[in-house]
Structures are given as structure tokens and as C-alpha cells.
Amino acid sequence: MSEERLLNALGQVDDQYILEAAPGQTPGKNRAWIKWAALAACLCLVLAAIRIVYRSEPNTAPYEGPEYEVLVFGYSDSAGAADLEAEYLFADYEKYSSVQPQSQVTLQIRNKTYIGYYQNTQYRSYHYYPVYEYFDSENNVFTIDHTGKLVSFFWGKSTADGKKLSQADCLQIAMDFLKEIVDISSYEVEITEDSVSECYVAEFTKYAGNLKTADSATVTVQYNGDIYSYASFMLDKVPADTKVDDIEPAAVTASINKRLDKIYADAKTKYDRIEYSEPSVLLSITKDGNRCLVCYVDVRCINTAGQFEAVVSESINLVLFLP
Amino acid sequence: MEDQQIVDLYWARSEAAIAETDAKYGRYCHSIAYNILFNEEDSRECVNDTYLKAWESIPPHRPDPLAAYLGRITRNLALNRYKYHHAQIRGDGQLPLVLDELHDCIPDPKTTEQVTDDLALADLFNRFLAELPKETRMIFLRRYWYMSPVREIAADYSLTESKVKMSLLRARGKLKKLLEKEGIAL
């Protein structure tokens, strides 16, 4: 039917138009704002008044030690409770924009040679350097970083016959593979079985002292011993001997909470309760070569109505700069 | 979590990818499916199927932007599911209304000869959209891509429903003219 053909063809239009018109986006001038601002202001006053009467903040002793600078570097696109803006950019565009990736690279790994053809350049989250994506003639996809180190490789499911290897054997395969890319002596490894996908997932993480770093890799090995995929993050970029004993956990927590309280100050007047998850923290390195902590926090903005709770959930990514 | 990180989780074959996708884009995909299917359960299934398709296709894909990639999958799944449920009858939801409206754009077969493939048609749509004023383009896509009700578009853009309808009518007229000008038969 012709109408359906139009509808289907429209489904293929450029991403930019789809995103531009996504629900929640408005065309430039925000006329609704003026209309609702007065009403919202009144409502806020009413809510504030109610809250003064009914809500009491938990009594916690204020932290009075040193604090770290904390900036926002990302947030979920559903984030609406706070007026967020990215304040820090990890990617060092200035330094790497002049680097011209090789149009063709030869990669030797696991006794095989792959010739890759350049596709595009990407900057991963909290990475200061770019990775370059290549396809080979068999449609294998891999990425390398600016130093030529293999960042990821996807082979996909192999149908090769073979009996199910033991977890220890698959771990050895994963370790032998990663050894070709990086010195794995400073990584801790954890292996889990994924019986649905019929593979073992080996996760390599580098620690500095007892602090988990962003320097990590995942190798997925099929039961038959073939590697399914490999992905790494900040691989070999965070030294294991990075100084961490001067980092004060109480100061980290207080700095993050203070920043969150500031970000959600306005939202706190609109919601009955705002909860922050325990931040997940990774030690990393910024483009200036300085230490930082990359923190992920889930925030729940809650309004209660009788026994029910309406929850708006969002996540926020913070970077905490260490002196 | 940022899109690239979610994609990295898919690449690492970590099931956390699904949970992160759901947290970030669950509502977005659900609204697309719901506007087409008008049924909570079907829409939920459609969104879950979207995650499965994403799991199967990333890698080797590395979609950027992720939202449009997921939205496209949801829209296709919902349209297929709608067709399956309504092979003969036209039920609730925005789709029957949208199809009726798009009938306005079909050129008279007497004026057209060329049979066009879907890719060329998508290219024509891109050119058509590029020439529309931003607000009209957004209204057009909200109606015919996201299949949002006119009432909802009017509320979101602070316009009256009749203004939205008029804008859509004019855009459909322009599209029809362009299809005729390029001699495209559907």
C-alpha cells in the first residue's frame, strides 16, 4: 500500500531529523515557558511551604576537611530533574585532531594477519585519546588507539566444532590473548560463565593500591575456545603504582555529595525526596596527565502519594580532580 | 551513562548493556511503540524485542547516535506487530489516522511513471525535510515518524491543534508536489 511505503521510507530518514523531533525537544523558542513559569513559581512556593512544615532533613555531622573539585562530564538523556550541562570534556580534540589515522593497517594477533581499512574516529567516554575503527575484508571490526594498541576486536560467534573446554582452559586462552597486547601482570582477573551465550567472560582490571582503575579489558571466549570479542578501556594508561594513599575517602564522599546537593538544590524543592546511589568510582587519568576519579551516581527523585511513590531516575557522571 | 559506554558494554557482551539501555532509552522507545500499538503489553514486548535486536546487532554495529538506532528498531517492530494484529481491520492508535493523512500525499498515477526504490524515496524525504522550516519539520516527524497524537504535539510546542493540523496539511501538500515533480509512483 502506497501510504505504508511512504511511512516505511520515512523510517529511513537521517538520524539528525529523528533526534531533532524526539518527544521532549521543542523548536528553539520555548513559548510554553512563559505561560507556565508563573504557575510553576507559585507551585514551588506552595511546595516549599509544605516542606518546611512536613519534612526534616537527616541530621548528619557536617564534613569540614579538605575538598576536591568536582565537575559534571555526562548524564543520562532522561535527566530532567536538574538543569545539567557538561562542564568537563575528557577528549583532547586539540591534541589529536591533527593526527591523521592510517587508511590501512596490518594487525597480527593470534597467529593471524588482518588488514584493516579505516572507517572512523571515536572518543570513548572518559578517554582523552581517540580510537580508530577498521574493517577487514571479512567484515571483522577492530579498533586501535593513537599508539597502535588494539582496543577492541569483534570476531562474533564461530561455528567451529569442538568439545566444551574447561573454565581454566578458557581463562588461559583469554590471558594468552591479552598478553599479546599488554603486560597483564598488574591486572586482576575474574571469570564468569554465560551459559546462554555459551561462553566465558574474563574481566581484567588494574588496581592502584585498593582502588579500582578505569584501566580494564574484557575478553569473551566461547566454549570451543574461540574468542568471541575483546574490548578494553583506558588500557595501559593508568599506572598501577599511581599514588593513592593520599586520597581521603571521606573527602571524596563529601565533595561528591556537596556537588550533587548543589546540582539538585532546585529539584529538592520539587520532589519529596532525592536519593543518591553509592557512587561507583574509578581511578583514571585526564588529558593533562593528572589523576582523577571518574564517578557514576544514580539519582532517584521521588514524590510520594499515599503508599505509592513516583520515581524519576537519572544518572550523572562526575569527575573529581586529584591534586 | 553515555551512549558510547553503553555501546562498549554491548561490545563487551555485558548484560548490563540492556539495563543501561532500558534506564536511558526505555521511556523513549516505549512512547514510540505505544503511539503505534496503543497497547501497554504489546508496547512493552516491542521495547524488549528492541533490546534483543540491539544485542544481536551490536556488535558488529557501533551506532551513533544510539537513540535514533533504537528508535528505528522499535518503530519497525511496532509497525510489523501492528500489521500482524490488524491484517484486516484498523484498530486503535495513531497509525490508521496517520495512514489516512498520508493518503493526501500519493500522486495521481496518471502524472507519474517512474517506480522508485525505497532508498531513493528515503533520499527524497531527506531533501524534503531539509527544506522545511525547523518547526514544521519537527511537527511533521512527530506526527509521521513518532506518530504522536496531534493534541500532544500541540501541547509540547505550545500551538493550537488547528495550527498543527494546518502545518501538517501544508507539508503534505508540499510532499505531494515534490513526488509529482520527480515523477515518483508509489
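Quick note: the coordinates plus some simple rules give every number you see, no bench work behind them. All values derive from a computational prediction rather than experimental measurement. A quick note on method: Cβ atoms are made from the backbone with ideal geometry, for glycine too, and the neighbour counts reach across all protein chains shown.
What the table below lists for this structure:
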{"quantity": "Residue match in the range B:131-142 (condition: more than 7 Å from chain A (Cβ to nearest Cβ), touching a residue at least 40 places away in the same chain (Cβ under 8 Å) and closer than 19 Å to B:GLU101 by Cα)", "calculated": "yes"}
{"quantity": "Lone qualifier among B:ASP49, B:ASP22 - being in a helix (DSSP H, G or I), within 18 Å of A:TYR296 (Cβ to Cβ), touching a residue at least 24 places away in the same chain (Cβ under 8 Å) and among the charged types (D, E, K, R)", "calculated": "B:ASP22"}
{"quantity": "Residue within the range B:61-71 that is facing chain A (nearest Cβ under 8 Å) and out of contact with any helix residue (DSSP H, G or I) (no Cβ under 8 Å at 6 or more places or on another chain) present", "calculated": "no"}
{"quantity": "Only one of A:THR147, A:THR159 that is in a loop (DSSP other than H, G, I, E, B) and under 15 Å from A:GLY225 (Cβ atoms)", "calculated": "A:THR159"}
